[in-house]
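Structure first, commentary second.
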Amino acid sequence: MTEIPITLTEAGAALRSGSLTSVELTKAALAKAAELDSELGVYLARLDEIALARAEQADAELASGVDLGPLHGIPVGIKDILATSDSPTTANSLILDHAWGEGKDGPVVRRLREGGAVITGKVTTMEFAIGMPDFSKPFPIPRNPWNLETWPGGSSSGTGAGVAAGLFHAGIGTDTGGSIRIPAAFCGVSGLMPTYGRVPKTGCAPLGYSLDHIGPLARSAEDCGAFLQVIAGYDASDIYCSTKPVPDFNADLTGSLEGVTIGVDRVNHSFDTGDPGAAEQYEAALATLTDLGATLVDVTLPYFAETNAALFVTMLSEALAYHMPDLQSRWGDYFAATRKMIAGGVFVSGADYVQAQRVRRVAQKALAELYTEVDLIVTPTASIGSPSYDTLEKREIMEMFGKIFTGYWDVMGNPALVVPMGFTETGLPVSMQLAARPFEEALLVKAGNAYQQETEWHLMIPPLAAGTPAAA
Amino acid sequence: MTTDLSEATTAVPTLLAIAGISPSPEEVEKMSRDYPFIRMSAAALYTVPEARYEVPALIFDPVPSFADWS
């Protein structure tokens, strides 16, 4: 019996040392899914046989000295808005035309396959990466492994819950207003939204063309860096994709933050209406950054309110353009929250949309100026833990998003990493967010890794999933 | 487009009808509650003086690529 490592980095080392096989690792992940998925609602489609066959192949490759990189032989989940050649793609929706992407892999999925990843299945998302679950529709309801009565966050709900509960070691998320970072925060795992354009997004059903990012959720910052290494880089199929070279994201994991200046914005990130215990955890996390050698200085994120306004105007407009024909003809097939939110785009004019893009430029300029004084900016990811489904129904969605601090970075395009920083008084995970200059993901991974060398929040397992099965 | 928030009950059904979208009356009522937030968000964008002569973050490439994704 071999203990299954929690992080993908450790699992990869075990595969290479010969103390563990990919088949053992994959069987353990599939066993966890068999045990827990009826409660967690992670999977839309499980690919057990395909995964085991790929794991066998990975074992043979590694045994013969073929090493395809950090995800070789590692079980990963794919958010079901990315097309995959060997299984249907639904976008968690009755609406998506299944012919779209049928039999095709986009560049990210293709890179995962070429990197030897063991794709265990397609996982739940909020419909088209927006809104809330609809209990009347024929799709699983994703639940938070830390408390099944609560939402795991969205829109990459299945990826967050699946990583937290050990159904796979890492997975793909997408982020338009926080959809990698919110479920990572609520599920107590790490999540990295890369710079806009760092990862090609063709083959992914769009939400907001100028806001969408694809990135990893995983246990640790180091895991996120390893995952990003596989999926980053130019692809001609995405006109928004950057040609910037891809560095080694995990090259500088020294455990020290000496010489790093971190801005702390307390003006726009209040805990006044947050959950009890969250503020204390944040202060402790800031103290740890100082202990690691960082210099913390107070800053104020420029145009914070205006940027969040630009997020709504931009996202609603871009989403409405994609969905308009289906909203007109198939209104009732959409989830209730999806259709209500996207239809809000009709209240926005074309001029409003263009004005939002002018404000983005103004805010980018001011933010770039701020980044001449600091290397990173830290905020809480949210002032709350995961809300219960009961309160979610009654809660005004705009009120809730006032307590979640992710959207600013989607509008700016800067990369942002979230890492667990403890728990609320009711035992729900809370999270710290670090944001860097464009294309400086490596500094984020360095900082997140340093923090995680000093803390163990990222290694916490939900009681529901405790007793991670040993390899048979 | 109106920014008079008291006109939501008129503006919302009108704009939805123009768009050819047909929510239930209950949904129209809920969307009428969201309308002020969305319009205030849009209106706030015009209060940024520095944006007065800024160009939008929109790029049109006259020599585009049309590579397929698989």
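Miscellaneous remarks
- Enumeration of residues in the range A:404-443 that are of a type in the set (Val, Ile, Thr), out of contact with any Asp or Glu (no Cβ under 9 Å at 6 or more places or on another chain) and not in a helix (DSSP H, G or I): A:404, A:418, A:419
- In the set (1) under 23 Å from residue A:35 (Cα atoms); (2) over 18 Å from the mean Cα position of the chain (by Cα); (3) among the aliphatic types (A, V, I, L, M), the condition left unmet by residue A:123 is number (2).
- When the range A:38-55 is filtered for residues that are surrounded by fewer than 21 Cβ atoms within 10 Å (Cβ to Cβ) and either part of a helix (DSSP H, G or I) or without any contact (Cβ under 8 Å) to a residue 12 or more places away in the chain (or both), the ones remaining, listed by number, are A:38, A:39, A:48, A:49, A:50, A:52, A:53.
- Applying the criterion of being aromatic (Phe, Trp, Tyr) and modelled with pLDDT of 95 or more to the residues of the range B:37-56, the residue that is surrounded by the fewest Cβ atoms within 10 Å (Cβ to Cβ) is B:53.
- Selection status of residue A:137, farther than 15 Å from residue A:162 by Cβ, of a type outside the set (S, T, N, Q) and within 14 Å of chain B (Cβ to nearest Cβ): no
- Verdict on residue A:426 being surrounded by fewer than 17 Cβ atoms within 10 Å (Cβ to Cβ), modelled with pLDDT of 95 or more and among the hydroxyl-bearing types (Ser, Thr, Tyr): yes
- Going through (1) part of a loop (DSSP other than H, G, I, E, B); (2) under 21 Å from residue A:351 (Cα atoms); (3) aromatic (Phe, Trp, Tyr); (4) within 7 Å of chain A (Cβ to nearest Cβ) one by one, residue B:37 falls short only on (1).
- Residue within the range A:363-376 that is more than 8 Å from chain B (Cβ to nearest Cβ), closer than 26 Å to residue A:153 by Cα and within 22 Å of the chain's Cα centre (by Cα) present: yes
- A count restricted to the range A:329-371 and to residues that are free of Cβ contacts under 8 Å to residues at least 40 places away in the same chain, of a type in the set (Val, Ile, Thr), surrounded by 19 or more Cβ atoms within 10 Å (Cβ to Cβ) and not in a loop (DSSP other than H, G, I, E, B) stands at 1.
Residues are listed down the side, and each one gets a yes or a no for (1) buried (at least 24 other Cβ atoms within 10 Å of the Cβ); (2) out of contact with any helix residue (DSSP H, G or I) (no Cβ under 9 Å at 6 or more places or on another chain); (3) under 21 Å from residue A:164 (Cα atoms):
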| site | (1), (2), (3) |
| --- | --- |
| A:175 | yes, no, yes |
| A:203 | yes, no, no |
| A:223 | yes, no, yes |
| A:239 | no, yes, no |
| A:245 | no, yes, no |
| A:279 | no, yes, no |
| A:288 | no, no, no |
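- Test: residue in the range A:149-168 that is more than 13 Å from the chain's Cα centre (by Cα), surrounded by 24 or more Cβ atoms within 10 Å (Cβ to Cβ) and in a strand (DSSP E or B): no
- The lone exception for residue B:51 - which of (1) under 21 Å from residue A:211 (Cα atoms); (2) facing another protein chain (nearest Cβ under 7 Å); (3) within 17 Å of the chain's Cα centre (by Cα) it fails: (3)
A quick yes/no check of all residues on (1) farther than 29 Å from residue A:220 by Cβ; (2) without any contact (Cβ under 8 Å) to a residue 12 or more places away in the chain:
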site: A:76; (1), (2): no, no
site: A:84; (1), (2): no, no
site: A:107; (1), (2): no, no
site: A:110; (1), (2): no, yes
site: A:125; (1), (2): no, no
site: A:128; (1), (2): yes, no
site: A:146; (1), (2): no, no
site: A:158; (1), (2): no, no
site: A:163; (1), (2): no, no
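- Given (1) surrounded by fewer than 24 Cβ atoms within 10 Å (Cβ to Cβ); (2) away from chain B (no Cβ under 14 Å), number of the condition residue A:194 does not satisfy: (1)
- From A:65, A:73, A:69, residue being over 24 Å from the mean Cα position of the chain (by Cα) and assigned to a loop (DSSP other than H, G, I, E, B): A:65
The values are calculated or read from the model by the stated rules, or taken from the named source; none is laboratory data. Please read these numbers as outputs of a predicted model, since none were measured by experiment. Note: ideal-geometry Cβ built from the backbone for every residue, glycine included; neighbour counts use all protein chains shown.
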